[in-house]
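The values are calculated or read from the model by the stated rules, or taken from the named source; none is laboratory data. Only a predicted model underlies this, so the values are computations on that prediction, with no experimental measurement involved. Positions of Cβ are generated from backbone atoms using ideal geometry, with glycine treated the same way; all protein chains shown enter the neighbour counts.
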Amino acid sequence: MAKILDPAISRIPEGPVAEKWTNYKAHQKLVNPKNKLKLDVIVVGTGLAGASAAASLGEMGFNVLNFCIQDSPRRAHSIAAQGGINAAKNYQNDGDSVYRLFYDTVKGGDYRAREANVYRLAEVSNNIIDQCVAQGVPFAREYGGMLANRSFGGAQVSRTFYAKGQTGQQLLLGAYSALSCQVNAGKVKLYTRYEMVELVMVDGRARGIIARNLVTGKLERFAAHAVVIATGGYGNTYFLSTNAMGCNCSAAMQAYRKGAWFANPAYVQIHPTCIPVHGDKQSKLTLMSESLRNDGRIWVPKKLEDAKKLQAGQIKGSDIPEEDRDYYLERRYPAFGNLVPRDVASRAAKERCDKGYGVNNTGLAVFLDFSESIERLGIDVVRQRYGNLFDMYEEITDVNPGELAREINGVKYYNPMMIYPAIHYTMGGIWVDYELQTSLKGLFAIGECNFSDHGANRLGASALMQGLADGYFVLPYTIQNYLSDQAIWPRISTDMPEFAEAEKAVRDRIDHLFNIKGKKSVDSIHKELGHVMWEYVGMGRTKEGLETGLKKLKEIRKEFETELFIPGKKDDLNIELEKALRLNDFITMGELIAYDALNREESCGGHFREEHQTEEGEAKRDDENFFYVACWEYQGADDKAPEMLKEQLNYEAIKVQTRNYKN
Amino acid sequence: MANISFTIKFWRQNGPKDKGHFDTREMKDIPDDTSFLEMLDILNEQLVAEGKEPFVFDHDCREGICGMCSLYINGTPHGKTASGATTCQLYMRRFKNGDVITVEPWRSAGFPVIRDCMVDRSAFDKIMQAGGYVTVRTGQPQDANAILIPKQDADEAMDCASCIGCGACVAACKNGSAMLFVSSKVSQLALLPQGRPEAAKRAKAMIAKMDELGFGNCTNTRACEAVCPKCETIANIARLNREFICAKLAD
């Protein structure tokens, strides 16, 4: 029997859910301005969460050391978020409220998120918009000068703020500008092209990191009173994903190996609208924003023989007349239609393709069609909304989705896009309490890196919201509750034996990898890992498949340990070594995902166990047995199975029910 | 889909002080729906298989938005893509069988080479730190809709804000000027009411920092806007000049 954690460990404040955050702030400990000057905080990562936290902490008076692996903080992968950011402003007068955003997020997460955290997220969402506008983020506006909104999956109101198809870019540049301001003020010291390679614990508290200077290859030591990791998700475990090439889970794995629990790793989001895989040389999958589902209709042929012809390249999508198209999302989910949440849309696409209705040469694609909206709105309006996405699609596939293909019986048919689901976001992450502190004292995790707000599935436009909520409005408060009694400690010296040991451990690991001297490149092993993960730990999981997957993951670890080859030198710029260190962690992460998926004998959100579905093929949750957060604890070695602790969920404000997007 | 074969000449340089040279390699049967960077991945797989060090270049998101990729391909920053696009959005179908493809780093005094085609663009961060922001405290500013901004101004500011900081403008400029980069940020914030209070200070500080870091002046050759993957225009530079002159006159 897995151990059940004491509810007090989550540090959820007393009181009704709507008053918890206000109460918390009223009673938390603060750090006086003089003491702030004596306190150092390490922030690893410069995405929305990391940059906003570093900027806010610096501005408050703390001394911040901020690290990123890229050449500039502005490159962090938050920049690639296209669609938008949610907030409960109710500017559209369509009945939105903090409660409704909270409710939609909990429901969208399939009732597996922690209520108190989500309510706080919804509560501060409005501050984020105010903050970003004040920074000069050029959100889309209406002619009267007010902010514009669009709708997104999983909601019946328009609450998404956006900046063309580049919302993540604009929000990140906003946070980057705030960060730059603090660098100029001398409160944040920036370390670019540095990668955290080890967490340093002193007397049971996180007190620093070892980072590898990616230009010189040297290991360097950094100490602080607290460490914040804001290093994103673990989607690249699957090799092919919408993540950037450099995205990795190494910081999270370092924390996990030091004892931080890893929560709900099985909750991986598969985004329904990505450009399908085209070949084995492919390095990443390109996302087409979910906002396309506002005006695009998803379909496959009604007749199997049409699908066969499409797969053989004998006909094109535009050859199939309206009456022979199956708009399966509109058919199955009349109330939400094409705007069902991502997990539902992804599974529905897989279901059609598994039945043989796929529309490209691999049979793994469905159509996203703009004919109806182009006819209704005109190509100019459609291009204004999605022009950059259409161009991007054309550049990659050589097909222009806005182009008139043919007219049948007076109905105009435009080239449809082809899309297929791909790994996109990871809801699971390092376990944190209400204060965003991990199970290790002094170590905090924010943004996608933690597990806290999205439950088993994240709604569109909520990742940006969470990253900025954590970084601007939550962590800078809650970290003070920890730091308030830390100013009595003098600056920690990096000459302490703990730092020397941590550095030696990294050096040994690097030596070990170099000494394998096998024949296989990092990427070739990573591709094999990705293949196993997608095949056995992907969209449709079974007990048998997961057990096979775990076996194959052990083989991959063995292969990595015996056949890896790294050219070049250790103490030098070495991109193969960087990738090898990350791959080691991806393998451990892959196993963790599989263990959790195997344990969770239910289907919920992004986790679908084929044994647990209704007759109609919908996910079947098991609240009686699985209404908990699975927290995995490292057992001292990567090849040992982790142990699970349960954080029971407790809902006070929301009645847990079956997720329904049909009516 | 077809396969193509071609010759690639790629720049190797061991550090800022190394003289550097081209390596040449025949690439055979590369599918033309491969992206340019995926083609370089194939090249690197081959090099590593031969026990050699891989060709180093910056890249990350591979969807044209992070601004990390920065290759000078056949004499053009980011190569000749269809619309404004970055290196990562260049596909091999734009090349022909038998082509010779030359790959070089951004070459500019402001961007020293780190290794091969990886250059140091931290100067851009320093210019931003000099003033590329609105000074605003995290907290509770007024309601977002309390600042009304005409749609046209917001759209124009958004176009200026689209700059990804890749540095193609500097690489294309015979003077190695960073004016398009600087002017895009100055324009974005100058067009918005939130940015006005610090507009004069910002223009002066960012230009001073740019000069200090060794970037050249603008002589209106428009090479920068021709290669900008995000279609920033030199109208921004005109606006920057206006802001700068007004600021200087006010002094």
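Annotations for the structure displayed:
Residue-by-condition table, conditions (1) within 14 Å of chain B (Cβ to nearest Cβ); (2) buried (at least 18 other Cβ atoms within 10 Å of the Cβ); (3) part of a helix (DSSP H, G or I); (4) in contact (Cβ under 8 Å) with a residue 24 or more places away in the chain:
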position	(1), (2), (3), (4)
A:Gly471	yes, yes, yes, yes
A:Leu475	yes, yes, yes, yes
A:Ile492	no, yes, no, yes
A:Glu501	no, no, yes, no
A:Ala505	no, no, yes, yes
A:His512	no, no, yes, no
A:Asn515	no, no, yes, no
A:Gly518	yes, no, no, yes
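- Here B:Arg12 meets the list (1) among the charged types (D, E, K, R); (2) within 12 Å of another protein chain (Cβ to nearest Cβ); (3) under 19 Å from B:Arg121 (Cα atoms); (4) touching a strand residue (DSSP E or B) at 6+ places or on another chain (Cβ under 7 Å) almost entirely, failing just condition (2).
- Selection status of B:Gly84, crowded, with 22+ Cβ neighbours inside 10 Å, at pLDDT below 95 and part of a loop (DSSP other than H, G, I, E, B): no
- When the test is whether a residue is more than 9 Å from chain A (Cβ to nearest Cβ) and under 25 Å from A:Thr216 (Cα atoms), B:Pro105 passes it.
- The conditions of being in contact (Cβ under 8 Å) with a residue 12 or more places away in the chain, part of a strand (DSSP E or B), under 24 Å from the mean Cα position of the chain (by Cα) and surrounded by fewer than 23 Cβ atoms within 10 Å (Cβ to Cβ) are not met by A:Leu598.
- Exclusive hit being at pLDDT 90 or above, of a type outside the set (Ser, Thr, Tyr) and within 29 Å of A:Lys662 (Cα to Cα), set A:Ala348, A:Ala405: A:Ala348
- Condition check for A:Asn264 on (1) away from chain B (no Cβ under 14 Å); (2) on the phi > 0 side of the Ramachandran plot; (3) surrounded by fewer than 24 Cβ atoms within 10 Å (Cβ to Cβ): one failure, at (3).
- Assessment of segment A:377-386 against the conditions (modelled with pLDDT of 85 or more, small (Gly, Ala, Ser) and over 20 Å from A:Gly165 (Cα atoms)) yields no matching residue.
- Single condition A:Tyr434 does not satisfy, out of (1) assigned to a loop (DSSP other than H, G, I, E, B); (2) without any contact (Cβ under 8 Å) to a residue 40 or more places away in the chain; (3) of a type outside the set (S, T, N, Q): (2)
- A:Met417, sole failed condition from (1) surrounded by 24 or more Cβ atoms within 10 Å (Cβ to Cβ); (2) under 30 Å from A:Tyr24 (Cα atoms): (2)
- Complete set of residues in segment B:20-71 that are at the interface with chain A (Cβ under 7 Å from one of its Cβ atoms), in a helix (DSSP H, G or I) and not aliphatic (A, V, I, L, M): B:Glu38, B:Asp41, B:Glu45
- Leading residue by the ranking (surrounded by the fewest Cβ atoms within 10 Å (Cβ to Cβ)) among those in segment B:109-130 that are more than 8 Å from chain A (Cβ to nearest Cβ) and in contact with a helix residue (DSSP H, G or I) (Cβ under 7 Å, 6 or more places away or on another chain): B:Lys126
- In the set A:Gly145, A:Gly168, A:Gly259, A:Gly153, only one residue is of a type in the set (Gly, Ala, Ser), facing chain B (nearest Cβ under 9 Å), outside any strand (DSSP E or B) and closer than 23 Å to A:Asp470 by Cα; that residue is A:Gly168.
- Being more than 12 Å from chain B (Cβ to nearest Cβ) and in contact with a Cys (Cβ under 7 Å, 6 or more places away or on another chain) holds for only one residue in A:Asp96, A:Asp110, A:Asp104, and it is A:Asp110.
- Within segment A:319-344, residues that are over 11 Å from A:Pro301 (Cβ atoms) have Cβ atoms under 7 Å from residues that are assigned to a helix (DSSP H, G or I) and among the small types (Gly, Ala, Ser) in these pairs: A:Leu329/A:Gly337; A:Leu329/A:Ala345; A:Leu329/A:Ala348; A:Glu330/A:Gly337; A:Arg332/A:Ala348; A:Pro341/A:Gly108, counting only partners at least 6 apart in sequence or on another chain.
- Failed condition for A:Asn213, given (1) surrounded by 21 or more Cβ atoms within 10 Å (Cβ to Cβ); (2) among the polar types (S, T, N, Q); (3) within 13 Å of another protein chain (Cβ to nearest Cβ): (1)
- In segment A:133-142 there is at least one residue that is farther than 22 Å from A:Ala230 by Cα, in contact with a strand residue (DSSP E or B) (Cβ under 9 Å, 6 or more places away or on another chain) and either away from every other protein chain (no Cβ under 12 Å) or assigned to a strand (DSSP E or B) (or both).
- Qualifying residue in segment A:448-465 (condition: surrounded by 21 or more Cβ atoms within 10 Å (Cβ to Cβ) and within 26 Å of A:Gly61 (Cβ to Cβ)): yes
- Scanning segment A:520-546 for residues that are among the acidic types (Asp, Glu) and either surrounded by 22 or more Cβ atoms within 10 Å (Cβ to Cβ) or modelled with pLDDT of 95 or more (or both), we see that the one that is nearest to A:Lys579 (Cα to Cα) is A:Asp523.
- Filtering segment A:562-593 to residues that are polar (S, T, N, Q) and more than 13 Å from B:Val48 (Cα to Cα) leaves A:Thr562, A:Asn584, A:Thr588.
- Any hit, segment A:493-507, residues being closer than 30 Å to A:Tyr267 by Cβ, modelled with pLDDT of 95 or more and charged (D, E, K, R): no
- Counting only residues that are out of contact with any strand residue (DSSP E or B) (no Cβ under 8 Å at 6 or more places or on another chain), part of a loop (DSSP other than H, G, I, E, B) and farther than 23 Å from A:Leu339 by Cα, segment A:607-633 holds 2 of them.
- Lone qualifier among A:Leu592, A:Leu581 - being assigned to a helix (DSSP H, G or I), more than 14 Å from every other protein chain (Cβ to nearest Cβ), closer than 16 Å to A:Ile516 by Cβ and in contact with a strand residue (DSSP E or B) (Cβ under 8 Å, 6 or more places away or on another chain): A:Leu581
- For A:Ile654: the one exception among (1) more than 23 Å from the chain's Cα centre (by Cα); (2) of a type outside the set (Phe, Trp, Tyr); (3) not in a loop (DSSP other than H, G, I, E, B): (3)
- Here A:Thr242 clears all of (1) part of a loop (DSSP other than H, G, I, E, B); (2) touching a strand residue (DSSP E or B) at 6+ places or on another chain (Cβ under 9 Å); (3) surrounded by fewer than 22 Cβ atoms within 10 Å (Cβ to Cβ) except the condition numbered (3).
- Meets criteria (more than 12 Å from chain A (Cβ to nearest Cβ) and in contact with a Leu (Cβ under 8 Å, 6 or more places away or on another chain)) for B:Phe6: no
- Considering residues of segment B:37-77 that are farther than 24 Å from A:Gly568 by Cα and touching a strand residue (DSSP E or B) at 6+ places or on another chain (Cβ under 8 Å) only, the residue surrounded by the most Cβ atoms within 10 Å (Cβ to Cβ): B:Arg62
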